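Below: the structure, in structure tokens.
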Amino acid sequence: MLKLAGIGKSFGGREVLKGIDLTIERGTTTILIGPSGSGKSTLLNCMNLLEIPSAGTIELGERRLAFGPATKRNQKEWIAYRRQTGMVFQSHQLFPHRTALENVMEGLVVVKRMPKAEARSRAEQLLRQVGLGAFLDCYPGRLSGGQQQRVGIARALAMDPAVLLFDEPTSALDPELVGEVLQVMKALTRQGMTLVVATHEMKFAREVGDRILFLEGGEIAEQGTPEQMFGACRNERVRQFLGRFAETAWNERALAGT
Amino acid sequence: MNPDRAARLWEIFLHSLWPMLQGTLRYTLPLTIVSFALALPVALAVALAARSRRRTLRYPARFYVWIIRGTPVLVQLYLIFYGLPNVGIVLPAFPTVVLAFTIAEGAYGSEIVRSAIDSVPRGQWRAGYSLGMTGWQAFRRIVMPQAVRVSLPPLGNQFIGLLKTSSLAALVTLQDLFGVAKQIAATTFEPMLLYVSAGLYYLAISTVLAYGQRVLERRFRRYEL
């Protein structure tokens with residue numbers, strides 16, 4: 001459904017993505033893992049054109065966009081493409097001057113030109129779906145990190161995107177708030193949403209991922225099913241990377257005294 | 001001080017109150033309010049031009065701010081009122097002052113607006129874009145409301161500053177608050193009294209404005225904790 005071919009991205013001569021080829025099937029969950037600076041965020045940002053790739057092509061449904069040194073800014077096409085993808089940010093980026101309900105309504109009213117009443121009932125329904133039915137009229141500043149992130153998910157869902165992208169959605173959260181966000185995401189995978197998730201939550205990755213991609217140095221260094229990746233992976237770098245996580249988890253448990 | 005002189009001062013004071021109020025209502029306040037109201041859209045337009053990707057917009061905007069900020073308002077005012085007639089352009093005093101103040105405030109205001117827009121995190125634009133908004137929609141719906149909130153205190157400052165700057169109008173023949181004080185001082189030979197009275201007038205008005213600014217700020221702060 002979503003097909004990336006040879007996607008590259010350079011920032012001022014520094015090559016952050018090197019020719020990423022990736023096909024994402026409808027209704028699947030793709031997990032991006034890898035050390036920080038490996039290009040996970042950039043790849044996600046390229047997938048909804050918040051960053052414009054320096055090279056390659058993106059196909060989504062009927063739409064095909066090509067990028068290269070000669071690519072002209074083509075705002076209309078890009079905006080039309082963005083309307084088919086949703087994004088959940090690491091630092092939620094809710095609109096602070098709008099209530100939870102208004103945050104979710106914003107795209108519906110401004111972009112989809114939906115009548116206010118209709119947008120309101122749709123937004124209410126979505127916020128209830130992520131367990132925030134009691135917080136409709138709260139400003140983001142009054143919500144906990146986990147609640148803010150769930151509003152962010154509802155806001156992205158409202159646009160009915162073909163694919164929902166998550167950029168480390170739980171990395172900025174207190175540990176005790178991570179669970180509620182992951183739960184909402186799990187529910188989405190069960191509803192047949194197409195997700196691409198950059199995360200360091202390995203347990204979650206293993207549980208809900210259909211496919212795990214290991215990024216390093218701007219390339220997909222390894223990929224496979226959770227079993228292939230988390231079992232005895234042939235790739236030593238993957239084993240090292242995952243090993244560090246096992247170690248941290250163990251250290252945390254040791255520190256917590258359990 | 002002998003009682004005669006005190007009585008005379010008191011009388012001049014009382015008699016000057018009404019003319020100074022007239023000067024305030026006829027010139028000082030209208031000049032301030034009209035110039036500022038016209039300057040705001042100029043400031044916004046120049047701020048947007050200065051942030052533009054296009055050089056043909058950015059450079060003229062920077063040039064304008066550079067020239068206006070780098071020269072005294074009084075010089076600009078004299079240029080328009082006394083200088084332009086040399087090249088055949090004669091403007092009456094009131095429009096001259098409004099024009100000069102609008103140009104000057106537009107330049108200062110544009111820097112305030114520009115920094116207010118820049119103070120909104122880039123992620124807010126991106127969040128708007130990620131919903132499929134156009135640049136204008138993201139600006140209008142997401143960034144501008146937050147920028148307005150940030151720019152209120154410095155804009156309030158500018159407004160109060162302009163109130164006081166408006167006294168320059170007296171130098172191009174307008175009988176504003178300061179102009180009236182100047183005239184009465186000249187005819188009564190009591191400059192001390194008249195300029196203290198004028199100062200108190202300005203102080204009273206700016207106190208009211210500062211209060212208004214606080215009310216406005218509170219209204220825009222409701223979404224914060």
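The values are calculated or read from the model by the stated rules, or taken from the named source; none is laboratory data. Since we're looking at a predicted model, the values are computed, not measured. In this analysis, Cβ positions are derived from the backbone assuming ideal geometry, glycine residues included, and neighbour counts consider all displayed protein chains. Please note that ligands, DNA and RNA were not included when accessible areas were found on the heavy atoms of the full protein model with its side chains. Shrake-Rupley method; radii C 1.70, N 1.55, O 1.52, S 1.80 Å.
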(request) Straight distance only, please: which lysines reach the Cα of A:K186 with their own Cα at less than 19 Å, same-chain residues fewer than 8 apart left out? (result) A:K203
(message) Can you tell me which lysines have their Cα less than 20 Å from the Cα of A:K9? Leave out same-chain residues fewer than eight positions away.
(response) A:K18, A:K40, A:K72
(message) For a quick check of your reading of the filter: which trypsin sites (Lys or Arg not before Pro) in region A:185-246 sit in a DSSP loop and have no more than 15 other Cβ atoms within 10 Å?
(response) A:R234
(request) Specify the residue with the greatest mean-square fluctuation among B:Y108, B:Y82, B:Y202, computed from a Gaussian network of chain B linking alpha-carbon atoms under 10 Å apart. (result) B:Y82
(message) Which residues, if any, in region A:137-156 lose at least 20 square angstrom of accessible heavy-atom surface (probe 1.4 Å) when the other protein chains sit next to their chain rather than the chain being alone?
(response) A:Y139, A:G141, A:R142, A:R155
(message) Need one value: the accessible area of B:Y211 in square angstrom, 1.4 angstrom probe, rounded to the nearest 10.
(response) 130 Å²
(message) Please check: in the Gaussian network model of chain B (C-alpha springs, under 10 Å), which one of B:T173, B:T28, B:T102 has the largest mean-square fluctuation.
(response) B:T173
(message) Kirkwood Rh over alpha-carbon pairs of chain B, then Stokes-Einstein at 10 °C and 1.306 mPa s: what D in µm² s⁻¹, rounded to an integer?
(response) 80 µm²/s
(message) Under 8 Å for C-alpha pairs, at least 6 residues apart: give me the relative contact order for region A:26-139, rounded to a whole percent.
(response) 17 percent
(message) Roughly how large is the B-A contact in terms of buried accessible area, totalled over both chains, probe 1.4 Å, nearest 100 Å²?
(response) 2300 Å²
(request) With a probe of 1.4 Å, find how much accessible area region A:122-258 has per residue, and write the answer as a whole number in Å². (result) 48 Å²
(request) Quantify, in whole percent, the carbon and sulfur part of the accessible surface of chain B (1.4 Å probe; protein heavy atoms only). (result) 67 percent
(message) Give me the 1.4 Å probe accessible area per residue for chain B, excluding ligands and nucleic acids, in Å².
(response) 54 Å²
(message) At a threshold of 8 angstrom on Cα-Cα distance, excluding pairs fewer than six apart, so keeping six or more, what relative contact order does region B:63-130 reach in percent?
(response) 36 percent
(request) Kindly sort B:H15, A:H92, A:H97 by accessible area of their heavy atoms, largest first, with the probe set to 1.4 Å. (result) B:H15, A:H92, A:H97
(message) For the protein assembly as shown, give me the percentage of DSSP beta bridges that are antiparallel, rounded to the nearest 5 percent.
(response) 60 percent
(request) Run through the DSSP bridge list for chain A and note the antiparallel percent, rounded to the nearest 5. (result) 60 percent
(request) In a Gaussian network model over chain B where Cα atoms closer than 10 Å are linked, find which of B:S110, B:S197, B:S167 has the largest mean-square fluctuation. (result) B:S197
(message) Using a 1.4 Å probe on the protein heavy atoms, what percent of the accessible area of chain A belongs to carbon and sulfur?
(response) 47 percent
(message) Cut-off under 24 Å on the C-alpha distance; same-chain residues fewer than 8 positions from A:K112 excluded. Which lysines are left, in chain and number order?
(response) A:K76
